[in-house]
Amino acid sequence: MIFERSVLGYLFRKLAGRKQAQENQDTGAYQGANSKELNASHGTDSKQTNTNQRTGAPGQVFKAQIIARNYTLAAALLFGTQGIVALLGAIDLIIPDLPSPIPFEYGRSIHLGLAVLWPLIGTMGMVYYFVTEDLDREIFSPRLAKWQFWLVLAASLSIYASLTFRLGRGREYLEGLPLSYAGISLALGLFSYNLMRTLIKHKQRITPAAMIMTAGSVLLLMFLIPNILSVTNPIADEATKFWVVHAWEEMAFELTTSGFLASYLKNTGLAAKKDIEKWLYLEAALTVAAGLFGTGHHYYWIGFPAYWLLVGFLFSFLQLIPVALLVLMVYKGLKKRPQLGNRQKLTLALILSSMLYHVTGASLLGFIITVPWINLYMHGTYITSGHAHLALFGSLGFLVLGGSYYILSRGTQPDRKTYRRGIMAVLALNVGLLTMSTALIIAGFLQAYRARYLGMNFMEVNLQLNLYLSARAAGGAIFTSGDLLLTWQILKAWRKSKNAVS
Ligand code: HEM
Ligand code: HEM
Ligand SMILES: [Fe+2]
């Protein structure tokens, strides 16, 4: 099998253990986790058969977990769309004369809007799912969670629709109309309220994972609210953009990510509670402190005072520590080498891909380009784009897809063919992403060297980059094939599991 021979497969075997019971693959039986998983894996009605080993009480599929399916399905479908939009944009960059219904700048805006919002919608579903799983209690108001879904979806779609009709306000990443962001903020407000009321209602059961996922959700709300406003001052405009591009991605989503991973490892029985929860609050505190002041690595370049250069640099260094703790947690979670069913293996393939880019493309490359002497040359080149793709998709996107697949396949196991296709999709996404970002990093290096070091004309240099931009488009094509294949497998899992969880 391709997966068994791949580098990813090797890493996987190293971490999760080589032995795979053959009958697992054939019957879909899953061993080594709690009985919630075990029962679900036989494809039976999990509502009736689950027994929760941790509490001894009959386990159940919570309403919030069924509603989480809407969120994660929407995220997977939007991700599917993004691959196509992105590939068309990458081709447009090399052959600008091709007829296109939308000009490049609006296509780019839709692409960036998708990059920010589908991981948000998926994360909402994952947080609902795993907070209820962790507390072993229903969410405060399932009805509110349902309304919130339609609200966030409508507001997101309104952004893509308005940009298609060339209506926008020009704030990068947040280019839709302010009303749409008011809608998303309202959805985040309902989300935070629902989560906080849930924690208050079940305060004796609060776990660190549930707590930090809730904190992450409140931070998402806080940093989006200023983006409802449109401002004329360009410095304020850029700063509010970075409260989403940085404070969301490098702080709030880091909290939901850690909470999700902790809860996933614990609740599927992969890791012991004590191994997982030990560092979680410390990790969260470091994430918030480093993430908040780490925003400084963007500030100097948008017109803030020079001391932000130093503050940004120092705190960006601190950002590496919580990531190291997160990796340690996942390593501990998997070192027991449990035997895994195909559903878990596919989920873990996505999660491990995310960890790979979290360490390399997000943290290490991010730190290198933060160093002021380097950033002076690299700022705003294709290197930033390489980092953005490795970090935003590599680290966050892969994780949200892992969570979405896991949630949408509950109660089922993929048959061999579906599993193999899923693994092929993960490989294509990895190969595509690596090809794309390597080409971008080389192109960015040439931009920095020729235009900023040798002082050549910037536009002239850009014309010399076609080879690398073509390689990026080729990587993009591989990526999109993986994107569509995975979305299809996720859709199949969703359909197959409908009866098992409803
Ligand atoms: C999952 C984590 C991360 C995500 C999702 C992420 C995402 C992004 C994105 C989307 C951009 C492009 C911003 C733009 O277009 O203006 C960016 C730029 C940047 N990121 Fe990250 N990033 C992450 C982690 C990090 C880390 C850990 C560091 C440093 C330690 C870092 C340092 C930077 C710097 C310095 C820039 C600006 C580059 C320039 O001046 O052109 N990032 N990041
Ligand atoms: C088929 C795969 C993809 C292709 C071909 C692609 C292509 C592009 C293109 C052409 C741009 C415009 C500017 C530039 O050349 O960098 C761009 C920017 C961007 N894309 Fe993608 N993209 C893909 C997938 C994704 C995914 C899955 C995400 C995140 C979920 C993403 C996030 C971003 C971000 C954050 C930027 C702004 C980078 C910056 O300005 O520094 N892309 N992409
Ligand atoms: Fe940043």
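The values are calculated or read from the model by the stated rules, or taken from the named source; none is laboratory data. Because the structure is a prediction, the values reported are computed rather than measured. As a convention, Cβ positions derive from the backbone with ideal geometry for all residues, glycine included, and neighbour counts pool all protein chains shown.
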> Can you tell me which residues in the range 322-372 are more than 16 Å from ligand 3 (Cβ to nearest atom) and farther than 23 Å from Glu283 by Cβ?
Replying inline: Arg337, Pro338, Gln339, Leu340, Gly341, Asn342, Arg343, Gln344, Lys345, Leu346, Ala349
> Is there any pair with a first residue in the range 328-341 that is farther than 23 Å from Gln413 by Cα and in a helix (DSSP H, G or I) and a second that is among the polar types (S, T, N, Q) and modelled with pLDDT of 80 or more whose Cβ atoms are under 8 Å apart and which are 6 or more apart or on different chains, and what are they?
Replying inline: Met329/Ser258
> Tell me, which residue of the range 374-389 that is of a type outside the set (Ser, Thr, Tyr) and within 10 Å of ligand 2 (Cβ to nearest atom) is nearest to Met459 (Cα to Cα)?
Replying inline: Gly380
>> Exactly one condition in (1) buried (at least 24 other Cβ atoms within 10 Å of the Cβ); (2) more than 19 Å from Met124 (Cα to Cα) is false for Ile212; which is it?
In response: (2)
> Which of the residues that make up the range 262-301 are within 16 Å of ligand 2 (Cβ to nearest atom) and either buried (at least 24 other Cβ atoms within 10 Å of the Cβ) or modelled with pLDDT of 95 or more (or both)?
Replying inline: His297, His298
>> Here is a check on your reading of the model: is Gly168 within 16 Å of ligand 2 (Cβ to nearest atom), in contact with a Leu (Cβ under 8 Å, 6 or more places away or on another chain), over 30 Å from Val61 (Cβ atoms) and not aliphatic (A, V, I, L, M)?
In response: yes
>> Consider the range 362-373. How many of its residues are part of a helix (DSSP H, G or I) and away from ligand 2 (no atom under 16 Å from the Cβ)?
In response: 5
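For every residue, the table says whether it meets (1) within 13 Å of ligand 1 (Cβ to nearest atom); (2) among the aliphatic types (A, V, I, L, M); (3) not in a helix (DSSP H, G or I).
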site: Gln344; (1), (2), (3): no, no, no
site: Leu356; (1), (2), (3): yes, yes, no
site: Thr360; (1), (2), (3): yes, no, no
site: Tyr377; (1), (2), (3): yes, no, no
site: Gly402; (1), (2), (3): no, no, no
site: Ala425; (1), (2), (3): no, yes, no
>> Would you confirm, using the coordinates I've provided, whether Ser385 is within 16 Å of ligand 3 (Cβ to nearest atom), in a helix (DSSP H, G or I) and among the hydroxyl-bearing types (Ser, Thr, Tyr)?
In response: yes
>> For the range 230-249, check the following and say yes or no: at least one residue is more than 16 Å from ligand 2 (Cβ to nearest atom), assigned to a helix (DSSP H, G or I), at pLDDT 95 or above and under 16 Å from Leu117 (Cα atoms).
In response: no
>> Here's a check for you: in the range 246-264, which residue that is closer than 14 Å to Leu392 by Cβ and under 12 Å from the mean Cα position of the chain (by Cα) is nearest to ligand 3 (Cβ to nearest atom)?
In response: Glu250
> For the range 162-189, which residues satisfy the criterion of being in a helix (DSSP H, G or I), among the small types (Gly, Ala, Ser) and within 23 Å of the chain's Cα centre (by Cα)?
Replying inline: Ser180, Ala182, Gly183, Ser185, Ala187, Gly189
>> Criterion first (part of a helix (DSSP H, G or I), within 25 Å of Leu144 (Cα to Cα) and either touching a Gly at 6+ places or on another chain (Cβ under 6 Å) or basic (Lys, Arg) (or both)) does Met196 satisfy it?
In response: no
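Residue-wise test of (1) at pLDDT 95 or above; (2) on the phi > 0 side of the Ramachandran plot; (3) hydroxyl-bearing (Ser, Thr, Tyr).
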| site | (1), (2), (3) |
| --- | --- |
| Asp415 | no, no, no |
| Asn430 | yes, no, no |
| Leu446 | yes, no, no |
| Tyr453 | yes, no, yes |
| Val461 | yes, no, no |
| Ala471 | yes, no, no |
> In the range 427-437, is there at least one residue being more than 16 Å from ligand 1 (Cβ to nearest atom), in a loop (DSSP other than H, G, I, E, B) and within 27 Å of Ile369 (Cβ to Cβ)?
Replying inline: no
> Given the conditions (1) under 30 Å from Pro96 (Cα atoms); (2) within 16 Å of ligand 2 (Cβ to nearest atom), and given that Phe398 satisfies all but one, which numbered condition is not satisfied?
Replying inline: (1)
>> Return the residues of the range 437-475 that are of a type outside the set (A, V, I, L, M) and under 26 Å from the mean Cα position of the chain (by Cα); say none if nothing qualifies.
In response: Ser437, Thr438, Gly444, Arg472, Gly475
